[in-house]
Amino acid sequence: AQKPNLYTVLLTPNMGRYYDIAPAPPRVSIVSACCADRLFAEPLAVRRPPGPPGAAVRLVGLGTIQVYKRWRLAAEALLLLDDAERQRLEISVYGPTLNEPEAQRYDRHLRGMIARHGLERNLRLCGNTRDVPGCLRAADWFFLPSTNEPCSVALIEALALGVPVLVSASGGNVDIVDSSKAGMLFEPDSARDLAACFRRILAGGATPAAPADLRETVRERSASTVAAQYRRLYLEVLG
């Protein structure tokens, strides 16, 4: 970012704070990651009314199965719940396991942990999907446990469809998620704090805004809006 004749784009303000790089347009600009415009035109998720006591809560995660995504944290938090709480949670993770040794080892480790502790009903690794909107609409909550995720496209997609979110308070999440309306933030890498959030959700203590209002929190992160920001930046640089 300090090199002459080079221009840097940060994805969120927190990315600048993480690397100790102050925005200074046009040399250092902030332009978000984005999701497809069509997601803002698709039907919003329909929020299920509160079920009877003991009803299941469905969470969906999207992302590759690898260490930095911290999917293991979900298993660790589930094990901190009592049996009755745990059996009410259904976490489905959609995403491929990359064909590289570290990712393959992590996949085996995570599946082994799930099997050893009998969590097969509670934490499912579902593989890849070509129906991201369908997976998100089936969820009561979107779930992202990774730490220092720069600017999650899956998170933006979930909010664009009106799904409340449960994410770590780190990385781009803190700039994307308004915890007063969009969902809940938990302490990064803390299974204990994540378990507390699970309990709050199960108890009905979380009251996110309506799906249409959640969509509006990320409208500026649509592909056409972000493309326009890049176009202005390129024109300024070329000038």
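The values are calculated or read from the model by the stated rules, or taken from the named source; none is laboratory data. Nothing here was measured: the structure is a model prediction, and the numbers come from that model. We place every Cβ from the backbone using ideal geometry, glycine too, and count neighbours over all the protein chains shown. Surface areas here come from the heavy atoms of the whole protein model, side chains and all, with no ligands, DNA or RNA. Shrake-Rupley method; radii C 1.70, N 1.55, O 1.52, S 1.80 Å.
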(Q) In Å and on Cα atoms, what radius of gyration and Dmax does region 46-133 show? (A) 13.9, 45
(Q) Between GLN229 and GLU42, what's the calculated FRET efficiency when r is the beta-carbon distance and R0 is 35 Å? Round to 0.05. (A) 0.95
Q: With r as the distance between the Cβ atoms of GLU102 and LEU79 and R0 = 30 Å, compute the FRET efficiency 1/(1 + (r/R0)^6) and round to 0.05.
A: 0.80
Q) Once the chain is represented by equal point scatterers at the alpha-carbon sites, with solvent omitted, what log10 I(q)/I(0) does the Debye formula produce at q = 0.09 Å⁻¹? A) -0.41
(Q) Could you tell me the calculated FRET efficiency between THR207 and THR64, based on Cβ-Cβ distance and R0 = 45 angstrom, to the nearest 0.05? (A) 0.90
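How much accessible area per residue does the chain have, in Å², with a 1.4 Å probe? Present the calculation step by step, with values, prior to reporting the outcome.
Working: 11880 Å² over 239 residues.
With the other protein chains kept in place, the chain gives 50 Å² per residue.
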Q | Fraction of accessible area attributable to carbon and sulfur, region 4-136 (%, probe 1.4 Å) | A | 55 percent
Q: Go ahead and estimate [θ] at 222 nm for the chain from helices alone: -39,500 (n - 2.57) per DSSP H run with n ≥ 4, summed, over the residue count, rounded to 500.
A: -10000 deg cm²/dmol
